[in-house]
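Enquirer: Okay, here's the structure, questions in a sec.
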Amino acid sequence: MTESLPGRQAEDGGAGHGRDAAKQLLLERATKYTLAAIPRISDRRKRLLLGGRSVTVDGNTLDTTLQVMLAAEHAAGVGGLVADHSPESGVAVSRAALRTTAAMLRPPIQVDVTDISIPGPAGTIPARRYVPDGTGPATTSALLLYFHGGGFVIGDLETHDSLCRLICRDGGIQVVSVDYRLAPEHKAPAAVDDAYAAYCWALDHAAGLGATRIVVGGDSAGGNLATVVAQQARDSELPLPALQLLLYPVTDLSSETRSKLLFSDGYFLTKRDMDWFADHYLDGAEITADDPLVSPLLSEDLSGLPPALVVTAGFDPLRDEGNRYAQAMQDAGVIVDLREERSLIHAFANFFPLGGGSATATSAIISALRAHLSHAGS
């Protein structure tokens, strides 16, 4: 009788795996249908679906489109940005889930795209170059070196392809998206080292790419890398970026803030997600959470940095640290354009295909980016 137990366990395990796979497939189909439907639903219908209820925190009212999306996530049992927090399969599953979701939010945006490689400190760094095809606004002479978000653990060239295409087309600016090394395979400061190497490469190749100026930018973890690179360029006496484009950036991994407490759950990026990211990025690393290489807000000197366009979101756990970094740079004499998108959540720029406030704000960011470059002289 005991000899039959392993076989029965294997049978049950196989059935369980099959049920999990079927559940995941059903969830993906439901998500795809929901994301495809949201842009076609009128605001009036969205409010009816929500029962006329709105969400107001700190005097900010959540964008209706994003409220519908979050409600749909909650109904489907989706907890946040990280799909699986388990130590065994969590990283692989969460990376794949984010790519799958990004593929569902991929409107046709025509630009010229080429995959390239950049020399890095541990081998070549995959990157993707986007060049306006002439159908949008006049092309500027700047190049945006872009670092994707994802908590230093997930995210890649594919998850941010649509956003990079949109910035390139509507901003009339070349974009080079950098696929830096991720944790936990590569602990901090590997991502920083790759980002800095990419900036040095951009300086060396700007003329050949037809660019006279370089903008460093990114969202969330990528915003962190962009501003750390700006600090490193200043400290190394390299030519500075023309501008920092910081979308809801991570600026302090060592401190709690009011926004982290207010929006710890239910607004896409959760406290559990942030802890999971930090553990993967820093556990076993050569540096700690209070090192300016991972927490740029804690740098002793923020003077002499390039101008910054900083965008934060009202319903984002990272709201307060983004606002604090903008204020700290301004106090140090840096020119800062802080834009607080009070009705939106973390990662809203990736949700521009859904319409609503995310689309409006993302368009405004691109217009502001173009205005800053025009003001500085293209």
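Enquirer: Can you grab the distance from the C-alpha centre of segment 235-269 to the C-alpha centre of segment 304-349, Å, no decimals?
Expert: Each part's Cα centre sits 8 Å from the other's.
Enquirer: About the Cα centre, and with charges only on the beta carbon of Lys, Arg (+1) and Asp, Glu (-1), how big is the dipole of the chain? Nearest 20 debye, please. Walk me through the intermediate numbers first.
Expert: Values: 31 positive and 45 negative charges, 364 e Å.
In debye, rounded to 20, the chain gives about 1740.
Enquirer: From the backbone phi of segment 77-87, what are the Karplus-calculated ³J(HN,Hα) couplings (6.51 cos²θ - 1.76 cosθ + 1.60, θ = phi - 60°) in whole Hz, Gly and Pro given as x?
Expert: Rounded to whole hertz, the list is x, 8, x, x, 5, 8, 7, 8, 8, 5, x.
Enquirer: If one computes the Cα centroid of segment 80-100 and of segment 194-210, what distance in Å separates the two points?
Expert: So the separation of the two Cα centres works out to 32 Å.
Enquirer: Place the peptides 60-67, 100-107 in order of packing, highest mean first, counting for every residue the other Cβ atoms within 10 Å and averaging per peptide. It would help to have the intermediate numbers written out before the result.
Expert: Numbers: 60-67: 21.2, 100-107: 15.1.
Packing proxy ranking, top to bottom: 60-67, 100-107.
Enquirer: Each label point is 7 Å from the Cα along the Cα-to-Cβ direction; what then is the distance between the points at Thr135 and Ser86, in nm?
Expert: Each label point lies 7 Å from its Cα, and together they span 4.3 nm.
Enquirer: Please list, ordered by chain and number, the residues whose modelled amide H lies under 5 Å from the amide H of Val336; skip anything fewer than 5 residues away on the same chain.
Expert: Distant-sequence amide H within range of Val336: Ala308.
Enquirer: Express in nm, to one decimal, how much length is gained between Asp204 and Ile287 on full extension, taking 0.36 nm for each residue of separation and deducting their alpha carbon distance. Numbers along the way, then the final one.
Expert: On the way: separation 83, 0.36 × 83 = 29.88 nm, distance 2.91 nm.
That works out to 27.0 nm of additional length.
Enquirer: Using a 1.4 Å probe on the protein heavy atoms only, what accessible surface does Phe268 show? Give it in Å² to the nearest 10.
Expert: Counting only protein heavy atoms, the figure is 20 Å².
Enquirer: Just flag the trypsin sites (Lys or Arg not before Pro) in segment 292-378 sitting in loop per DSSP whose Cβ has no more than 10 other Cβ atoms within 10 Å.
Expert: Working: sites: Arg319, Arg324, Arg339, Arg342, Arg370; in loops: none.
For trypsin sites (Lys or Arg not before Pro) across segment 292-378 that sit outside H, G, I, E and B with at most 10 neighbouring Cβ atoms in 10 Å, the list is empty.
Enquirer: For a paramagnetic label modelled at 7 Å from the Cα of Glu340 toward its Cβ, which residues of segment 52-71 fall within the zone defined by backbone nitrogen distances under 13 Å?
Expert: Backbone N within reach: 57-61.
Enquirer: Report the relative contact order of the chain, percent, no decimals, based on alpha-carbon pairs under 8 angstrom and at least 6 residues apart.
Expert: For the chain, the relative contact order is 16 percent.
Enquirer: If you take Rg/Rh (Cα atoms, Kirkwood Rh) from the coordinates, which of (i) 1.02; (ii) 0.94; (iii) 0.99 do you get?
Expert: (iii)
Enquirer: Pick out, from Val311, Ala103, Gly356, the residue whose Cα sits farthest towards the positive end of the charge dipole of the chain, with +1 on the Cβ of Lys and Arg and -1 on the Cβ of Asp and Glu.
Expert: Towards the positive end, the residue furthest out is Gly356.
Enquirer: A further question follows. Among Pro137, His205, Val192, pick out the residue whose Cα is farthest towards the positive end of the charge dipole of segment 114-261, where Lys and Arg carry +1 and Asp and Glu carry -1 on C-beta, about the Cα centre.
Expert: Checking the options against the dipole of segment 114-261, the answer is Pro137.
The values are calculated or read from the model by the stated rules, or taken from the named source; none is laboratory data. The structure presented is a predicted model; accordingly, all values stated were derived computationally and were not measured. Please note: Cβ atoms are built from the backbone with ideal geometry, for glycine as well, and neighbour counts cover all protein chains shown. Protein only, heavy atoms only, side chains kept; ligands, DNA and RNA dropped before computing areas. Shrake-Rupley method; radii C 1.70, N 1.55, O 1.52, S 1.80 Å.
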